[in-house]
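What follows is a set of notes on a single structure, which appears directly below.
The values are calculated or read from the model by the stated rules, or taken from the named source; none is laboratory data. Small disclaimer: the values here were computed from a predicted structure and weren't measured. Note: ideal-geometry Cβ built from the backbone for every residue, glycine included; neighbour counts use all protein chains shown. Ligands, DNA and RNA are stripped out before the accessible areas are found, and what is left, the full protein with its side chains, is counted by its heavy atoms. Shrake-Rupley method; radii C 1.70, N 1.55, O 1.52, S 1.80 Å.
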Amino acid sequence: MKNFYTTAFSRSITLTFSFLIAITLMLFTNTSARAAGFASESEVISTAQTPFDKKYVKIDWHTSEGENVGAPLAFEDYLLLPTLNKVNKLSEKDGKLVATAELDEKVSTSARGVIENGLLIQPTRTELHVIDVSEMNVLCSEKFGEIITDVACENGLAYFGFKDGGAFKFRCVDAVNNLETVWEFSSEKPVTSAAKIDGKVVFGAGENLIVRAESGFIENPVGAEISHVFAGKFAVFMCCENGELRKLRLDDDGTAEENSLGVCELGGTLTAAVGVDNHIYVGSTEGFFVIDGLNMDVTKKYDELKNASAPILTLGSGVRAYTAAPHSDADGSRWYLYSVLDTDETVTLSELAKIIDFTDGKAAVSDSGRMFFRDAKGQVWAISLSKPSLILGIIKVILAFAILIMLILILRAWVKNRQSKRPPDF
């Protein structure tokens, strides 16, 4: 395949406690990543089995280069791909076009939409569109301002941030009732995408972590400007503009727990973070980091992965964070796709594939484990775990059995020949 080449990948997989949890999650939960769009541990993790070995990585299909291509979203057996002023519904299996929804303006290339209960809430440059995914009909749309965050949704309520003139706003709207405003928060500083912890919506605004509580908005100062938030099970992690990862625990009323602010110095410009069980993963212009979120210490740093992309996390093939980073090869500058396998004993980096350019790239994972990567050229590449052929396996068994029989016959002939040459016994 042109522009995408699989390379050496580590074959070893260690079953850890987190992997056993993943199996349980697969039995009792939905496996799609970002099901509601919140940057939270329960939402950004996929429990699907994803590619992990060069021998079993398959490039299923890819789209042609395109302009103004947004972030892909996997849903059931389809991939929803925003491009230009429409959303294309593609077959996950072969990438063929199934249906299209026409929009009022060009889609956002940075803000990700979200799907809930069969409704896609897709951001364009200044609007939100609600689309019935089954029929690909636009149900309603509304203009807000320059959309600057991903969209999250739960129980029909959508959460997102936008720039309106010189002000920044974070708004909750009713997605099933013509996008009517439910509440709004205004800030002089940029707002971040939403996370959710203990049933509370949280987001960053300047140097404050904002919590939407029953009493209204709680503003918790954290001492550095926040660029991304991620909610673990017991704390909120914040990637900050000064290159630090900060952590804050919240009391039941949404205020900061006393003396709970933690800081881990990483350096560079940080991507959004993901994590599971207090293992946090984040890319940076200075490398790729694995962090002990409990003690806020760096467990592993990969200096060679400078300008690493925002990671995605899967548990179906062990605890793996996938990221991409640029490198200079003999044949020119390329990006490499990496897998970071995190076990209780070690953290292992493995090169999975080459990509021409993944600058500002976007990725998604389907319930089946197929992975989608939108590169800087607007192409989408679909790769999956190719399982060994049953027929090939049977042939291998037959050949092994035939070789064994041949060895037995050779051994018997050798023994018989030696016995015939022995002198007679007197």
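Computed over protein heavy atoms with a 1.4 Å probe, the carbon and sulfur contribution to the accessible area of the chain reaches 51%. For the options GLY95, GLY204, GLY216, a Gaussian network treatment of the chain with springs between C-alpha atoms closer than 10 Å singles out GLY216 as fluctuating the most. Dividing the alpha-carbon radius of gyration of segment 30-118 by the rule-of-thumb value 2.2 N^0.38 Å gives 1.17.
Rounded to the nearest 10 degrees, the inclination of helix 17-28 to the longest alpha-carbon principal axis of the chain is 70 degrees.
Relative to the longest principal axis of the Cα atoms of the chain, the long axis of helix 390-420 makes an angle of roughly 20 degrees. What are the lysines whose alpha-carbon lies under 29 Å from the alpha-carbon of LYS300, with same-chain residues fewer than 8 places away excluded? Result set, ordered by chain and number: LYS54, LYS55, LYS196, LYS233, LYS247, LYS354, LYS362.
Given N residues in segment 149-188, what is Rg(Cα) / (2.2 N^0.38 Å)?
1.14
Select from ALA224, ALA321, ALA402 the residue whose mean-square fluctuation is largest in a Gaussian network model of the chain (Cα-Cα springs shorter than 10 Å). Of the options given, ALA402 has the highest mean-square fluctuation. Legend: P(r) of the chain from all alpha carbon pair distances, 10 Å bins from 0, whole percents, reading 4, 21, 30, 24, 10, 4, 3, 2, 2, 1, 0, 0.
Could you sort LYS96, LYS233 by accessible area so the largest value comes first, with the probe set to 1.4 Å? Intermediate values should be presented prior to the final figure.
Working: LYS96 135, LYS233 110 Å².
If we order LYS96, LYS233 from most to least accessible, we get LYS96, LYS233.
Largest first, the extents of the alpha carbon coordinates of segment 179-279 on the three principal axes equal 39, 27, 23 Å. Name the residue, out of LEU337, LEU270, LEU407, whose mean-square fluctuation peaks in a Gaussian network model built on the chain with Cα pairs under 10 Å. Judging by the Gaussian network model, the answer is LEU407. When the Cα gyration tensor is reduced to axis lengths a ≥ b ≥ c, the ratio a/c is 1.5 or higher for segment 181-239, and with a/b not above b/c it is classed as oblate.
Over segment 94-199, the ratio between the Cα radius of gyration and 2.2 N^0.38 Å evaluates to 1.06. Between THR181 and SER386, what's the calculated FRET efficiency when r is the beta-carbon distance and R0 is 56 Å? Round to 0.05. Calculated transfer efficiency: 0.70. Distance between the pseudo-spin-label points of GLU105 and GLU142 (7 Å out from Cα toward the beta carbon): 1.6 nm. Taken over the Cα atoms of segment 79-141, the convex hull encloses 77 Å³ per residue. One Cα centroid belongs to segment 310-364, the other to segment 45-83; the line between them spans 15 Å. Panel note: the C-alpha atoms of segment 230-344, placed on their principal axes, show extents of 56, 33, 20 Å (largest first).
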